[in-house]
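The block underneath contains the structure these notes are about, expressed in structure tokens.
The values are calculated or read from the model by the stated rules, or taken from the named source; none is laboratory data. Keep in mind the model is a prediction, meaning the values are calculated, not measured. Positions of Cβ are generated from backbone atoms using ideal geometry, with glycine treated the same way; all protein chains shown enter the neighbour counts. Accessible surface areas use protein heavy atoms only, side chains included; no ligands, DNA or RNA. Shrake-Rupley method; radii C 1.70, N 1.55, O 1.52, S 1.80 Å.
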Amino acid sequence: MKIQELTENVHSSDVVIVEIDSFPLKRTTNILHAESLIQSIRSQASSIKIIAFGYDLVLLPREIAGADFTCSFEPENSIDQVVDSLITDTLDKNTMFKEPLTDFDLLPFPARNLVSDLAEHGGSLIHKANLAKSTLIQTSRGCLNTCSFCQRKGWQDRYLTHSVEYVIQEFKELKKSNYINVWICDDNFTFNLSRAKQILTQLAQNKISERMKISLSSWTNIDFEFLDLAKAANVSIISYGIE
Ligand code: SF4
């Protein structure tokens, strides 16, 4: 999105939601960018409502300057309530519904149609688009292994999974929308190896991923059958953690 477009969008919005992520790659830069984005939006539109959320705020709960609400917990069950109450000026942080998700399949598929073409092709405010159509998909959240160095344990102590049927249906949507680069952004896609194999088997057998390049993260607790299935399903990158 270009700066002018961003400014126009801000002025026509009631609420802006800014993510403050915590992945190690460029972590500090990402956090600083998010904070300065919030300051910039605040200076352009003083009455707009701003929500900050993200794993870094779960890991290190704090208020973000310029944000009307800082969400330091899993947001999906309460984000509608937060947005509505900010718009109607009825926000009461003490009665906020903070229940964590229990059924991961109750979440709708992400509204990828809201993501700009530029972002879907790897572009940004300072970089030209240079990728085939790309997206993320999350089939599970969390990992119950006990690596003492794992920062992910700081924001996610449960293991939630979408059913295999849900995942396959979402991949079919990706195929219909012509996504090529698909990053499975699970903390550890193979924590349940049998489930991971079921997903890859169905992707390959039904030719759902035949035009895709899939990337995923995995611990090394896998086997040769998994590697064969990954190859058949067009997985081109596996990022291993040697724990
Ligand atoms: S296997 Fe990976 S994701 Fe799971 S706890 Fe260890 S480092 Fe974290």
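Among the residues of the stretch 137-147, the one identified as more than 14 Å from the chain's Cα centre (by Cα) and either over 14 Å from GLY241 (Cβ atoms) or more than 9 Å from the ligand (Cβ to nearest atom) (or both) is LEU144.
Collect the residues in the stretch 164-185 that are under 13 Å from SER215 (Cβ atoms), crowded, with 18+ Cβ neighbours inside 10 Å and more than 16 Å from the ligand (Cβ to nearest atom), keeping them in residue-number order. Give the steps one after another, and end with the answer.
Filtering the stretch 164-185 down to residues under 13 Å from SER215 (Cβ atoms) leaves 179-185.
Those still in the list that are crowded, with 18+ Cβ neighbours inside 10 Å too: 179, 181-182, 184.
Answer for the stretch 164-185, where residues must be under 13 Å from SER215 (Cβ atoms), crowded, with 18+ Cβ neighbours inside 10 Å and more than 16 Å from the ligand (Cβ to nearest atom): TYR179, ASN181, VAL182.
Only one of the listed residues (THR161, THR201) is under 23 Å from GLU225 (Cα atoms), away from the ligand (no atom under 16 Å from the Cβ) and of a type in the set (Ser, Thr, Tyr). That residue is THR201. Taking the stretch 203-223 as the range and being polar (S, T, N, Q), open to solvent by 10 Å² or more (accessible area, probe 1.4 Å) and touching a strand residue (DSSP E or B) at 6+ places or on another chain (Cβ under 7 Å) as the test, the residues that pass are SER215, SER217, THR220. So, in the stretch 116-136, exactly how many residues are open to solvent by 70 Å² or more (accessible area, probe 1.4 Å) and either within 16 Å of the ligand (Cβ to nearest atom) or more than 12 Å from the chain's Cα centre (by Cα) (or both)? The total comes to 7. Looking at the stretch 23-102, the helices (runs of 4 or more DSSP H) lying wholly inside it that each contain 3 or more residues that are under 18 Å from GLN156 (Cα atoms), open to solvent by less than 50 Å² (accessible area, probe 1.4 Å) and outside the structural domain of HIS162 (by TED's automatic domain parsing) sit at 55-59. Pairs linking a residue in the stretch 136-160 that is small (Gly, Ala, Ser) to a residue that is within 11 Å of the ligand (Cβ to nearest atom) and assigned to a loop (DSSP other than H, G, I, E, B), with Cβ atoms under 6 Å and 6 or more positions apart or on different chains, are SER140/ASP186; GLY142/GLN156; GLY142/TYR159; GLY142/ASP187.
Taking ASN192 as the residue in question, decide whether it is open to solvent by 50 Å² or more (accessible area, probe 1.4 Å), within 16 Å of the ligand (Cβ to nearest atom), of a type outside the set (Phe, Trp, Tyr) and modelled with pLDDT of 95 or more. Spell out how you get there, then give the answer.
Values: open to solvent by 50 Å² or more (accessible area, probe 1.4 Å): yes; within 16 Å of the ligand (Cβ to nearest atom): yes; of a type outside the set (Phe, Trp, Tyr): yes; modelled with pLDDT of 95 or more: yes.
Considered against the rule, which asks whether it is open to solvent by 50 Å² or more (accessible area, probe 1.4 Å), within 16 Å of the ligand (Cβ to nearest atom), of a type outside the set (Phe, Trp, Tyr) and modelled with pLDDT of 95 or more, ASN192 comes out as yes.
LYS231 satisfies every condition listed in (1) more than 19 Å from the chain's Cα centre (by Cα); (2) among the charged types (D, E, K, R); (3) surrounded by 17 or more Cβ atoms within 10 Å (Cβ to Cβ) except (3). When the strands (runs of 3 or more DSSP E) confined to the stretch 138-243 are screened for residues that are of a type in the set (Gly, Ala, Ser) and under 30 Å from SER116 (Cα atoms), those reaching at least 1 such residues are found at 213-219, 235-241. Checking the stretch 106-116 against the condition returns a match, with at least one residue being closer than 28 Å to SER177 by Cα, in contact with a strand residue (DSSP E or B) (Cβ under 7 Å, 6 or more places away or on another chain) and in the same structural domain as ARG152 (by TED's automatic domain parsing).
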